[in-house]
Every structure is written in C-alpha cells, then in structure tokens.
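Any read-out appearing in this document is the output of simple, stated calculations on the displayed coordinates, not a laboratory observation. This one's a predicted model, so the numbers in the text were calculated from it and none came from an experiment. Note that each Cβ is placed from the backbone with ideal geometry, even for glycine, and that neighbours are counted across all protein chains shown.
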Amino acid sequence: MKVLSGIQPTGRFHWGNYFGAIQQYIALQDNEQAFYFIADFHALTTVRDRDLLKGFTQDAAIDLLSLGLNPEQATLFRQSDIPEVTELTWLLMTLTQMHLLEKCHAYKDKKAKGLAADAGLFTYPVLMAADILIYDSEVVPVGLDQVQHIEVTRDLAQRFNTIYGREVFVLPEARVLETTAKVPGTDGDKMSKSYGNIIEVFHPTPKKFRKKIMSIKTDSKTVEEPKDPESCAVYTLAKLFSTSEQLEELAARYRAGGMGYGDAKQYLYDRAMDYFGPAFEKRAELEQKPGEVEDILQAGAAKARVKAQEVLSRARDACGLAIHK
Ligand code: ATP
Ligand code: MG
C-alpha cells in the first residue's frame, strides 16, 4: 500500500496533529511506500517570515523523528524540495472548476470572517491534490478536517483521467481514526492553532507543560460536588492516554465527588508525561544533530523526486506536452 501525508510547519505540533495524524504516520510507516512531507509551500500562505519558516520546518522534522518516525522505513522530506509538484499543480489547475474551490472550508471560513483570501489560499486544495497524486498515493492518513480536501483530490484525478482518456492518476482514500479524528482543545472546541486552544506536544520545560494542562477550561463545580466526566475537556483528553480500566476509575472519581479538577489535570499531566517522555529525551538528542536531520530530509527528497518525475511524465504525456528524458 502506498501511504502519503503532509503536515504544515506553521507552528509547533499539538495533540490534535499527533493523535489525528502523526500517530497514523508511525503506525503505517512499514508499508511498501510511506511518504511524509513537511508542507512548507503550503505554510507560505500563513507564515511570511524567513527565519520563522526555517525554524518551524526544522522543528517539524525533529519533532516527527522524535515521535517515532523512522527514516529507515518512511521517506521524510520537504515539500519544496520536489519542484515537480508545482508543475503538476498547474496541470490540475487548468481543469479545476471554481465552484469546487469556492466550497472548500479553509477559504470559506476566512471569507466568512471578512478576511481577504489570496490566490494561494484559494487554490491550496489543488496544490494538495498534486502533493497526493504525484506519488501514486493510495491512502492518506489525516484528521477529519482534511477529508473534504481528499474528496477534491479524487474529483480532480477522476476528471483528468476522464478528459485525457487515460488512467494517469490513482484515486486516493482518506484514512481517519474514528476516536481521534477531532481532538478537542483546552476550551472543548476542535484543537486548532488558529483557535488558540492547543496543547503543544513539546514544551520548553515540564513546568510550562504542566501550566498549559492546568489552564484547560472546566466548569466551576466545587471539589465536593459530583461531576460529569463526559462533558469535561480534561476527561476527554485523558482518553487519549488511558487504558479502559484507568478511564473507568477516573470516571468513577468524577461521579463520586470529592475530586477537584486540579486532581484530574494532574492525572492528565502524569499520563501525558509517561506517554511523551521518551520522545522528549529523543528530541533533546536530535537537537544536537542538525546535520543528521538535514541529511535525512535530503535523502528523502531524492527518493521522493524519482517517483514524482515518473508520475509527472505520465501526466505531461497524457496532455500532449513533451516529456523530458
Ligand atoms: P490546525 O488545525 O491547528 O491549524 P493545522 O491544520 O495547521 O493545525 P495541518 O498541517 O493543517 O495542521 O494538519 C496536520 C494534520 O493534523 C492534518 O492531518 C489534520 O487533519 C490533523 N489535525 C489538526 N488538528 C486536529 C485535531 N484537532 N484533531 C485531529 N486531527 C487534527
Ligand atoms: Mg488544518
């Protein structure tokens, strides 16, 4: 099976990114083809600061490797190291209907907020389609918010194949993990960088990490009062790290009363520290080896590029453009 996914270097990864997407990358990395890229071209629609983009991109690579992405199995690369992807974007753009893009929510949401969208944001799903189609990807592990964009990709692939009468592109499928498709943030809404409700996977110090967890919003019930676990963001997040026995025990403590939200948050902090502890250590090691990380990205790009050139040639040939040997 050919697996592919991309993640934007627009800030530090949060629990939504990890449980919705990165966890799947790692689970699927021993497939015949597992390509994961850092979507720096996409990030340009929001990050317009040279040093910031470079820093986020480097951090994204180190974070993914620290969390268990194994470059011996998976191919990790920067999107912008594969220039073929922008060429394929143009070929796809020539047959993308405007209404298809007008209904995409990244653009629609921005417009609804009265913000000016630029052409990059509007055509973002076409670049994403090129990212997926250029590697003959079959499965795309993502969170729920990306399912619509994979549908657009399928539409474009189908349209191209029909117009040119050839099976140039493989139709990919989204892979969403039901339980973690939409991880809530510290306020109970979908965890999202743009909502300011994220818990980052990596924090500068355990103290800052703890402070973030203590900031999760709860209602104002006193310690003595019984509480409803299912309507509490702390409990919902604790599900990500707990066994079913641990969860039952925690739920019973909520319902019995006598447990304050501070205790529930301490529980969450302890579980999260256990879970991510090894990644924190790995990260501290990798931070000392930027050269090694760069080598991994370049080797990944060289490998991905071979595949991208093959598929792009197929597409150019189908349209009647010359093929470069
Ligand atoms: P955010 O949504 O906070 O702005 P992001 O969208 O910038 O994060 P992307 O690079 O667009 O990050 O997404 C990376 C992956 O993380 C995507 O597959 C996306 O579906 C997934 N993802 C993002 N937020 C969540 C969430 N709250 N729950 C589950 N998956 C998520
Ligand atoms: Mg997103």
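The distance linking region 293-316 with region 1-65 is 17 Å (Cα centroid to Cα centroid, whole angstrom).
Here's the picture: a label point sits 7 Å out from the Cα of Glu225 along the beta-carbon direction, and within region 262-291 the residues with their amide nitrogen under 20 Å of it are 262-266. Taking the alpha-carbon distance from Lys211 and a cut-off under 14 Å, which aspartates and glutamates remain once sequence neighbours fewer than 8 residues away in the same chain are dropped? Reachable aspartates and glutamates: Glu200, Asp263, Asp270. By the rule of a C-alpha distance below 30 Å, with chain neighbours fewer than 8 residues away ignored, the lysines paired with Lys103 are Lys2, Lys111, Lys113, Lys182, Lys190, Lys193. Beta bridges from DSSP with both residues in the chain: antiparallel share about 10 percent, rounded to the nearest 5. Computed from label points 7 Å out along Cα-Cβ, the spacing between Val147 and Thr46 is 2.1 nm. Peptides 214-224, 187-197, 133-143 ranked from most to least packed, by the mean per-residue count of other Cβ atoms within 10 Å: 133-143, 187-197, 214-224. Please work out the C-alpha center-to-center distance from region 132-157 to region 218-267 and express it in whole Å. After rounding, the separation between the Cα centres reads 37 Å. Working from Cα pairs under 8 Å separated by at least six residues, relative contact order for the chain is 23 percent. Dividing the mean sequence gap of close Cα pairs (under 8 Å, 6+ apart) by how many residues region 37-109 holds gives a relative contact order of 39 percent. Can you compute the label reach from Gln97? Point 7 Å from Cα along the Cβ direction, backbone N cut-off under 12 Å, restricted to region 149-174. Answer for region 149-174: 155-156, 159. Each semi-axis of the equivalent ellipsoid for the chain is √(5λ) with λ an eigenvalue of the Cα gyration tensor; in descending order they amount to 39, 22, 18 Å. Rounded, prolate or oblate: pick one for region 131-253, where a ≥ b ≥ c are the square roots of the eigenvalues of its C-alpha gyration tensor, a/c under 1.5 means rounded, and failing that, prolate if a/b is larger than b/c, else oblate. Prolate, because a/c is 1.5 or more and a/b exceeds b/c. Here region 203-284 is treated with +1 on each Lys and Arg Cβ and -1 on each Asp and Glu Cβ, and its dipole about the Cα centre works out to around 600 debye. Membrane-span-like helices in the chain (whole DSSP H runs, Cα extent of at least 30 Å along the helix axis, mean Kyte-Doolittle hydropathy of at least -1.0): 261-286, 290-319.
Descending by average beta-carbon neighbour count within 10 Å, the peptides 277-283, 45-51, 57-63 line up as 57-63, 277-283, 45-51, the highest first. Per residue, the convex hull spanned by the alpha carbons of region 203-284 comes to 81 Å³.
Convex hull volume of the C-alpha atoms in region 93-160, normalised per residue: 85 Å³.
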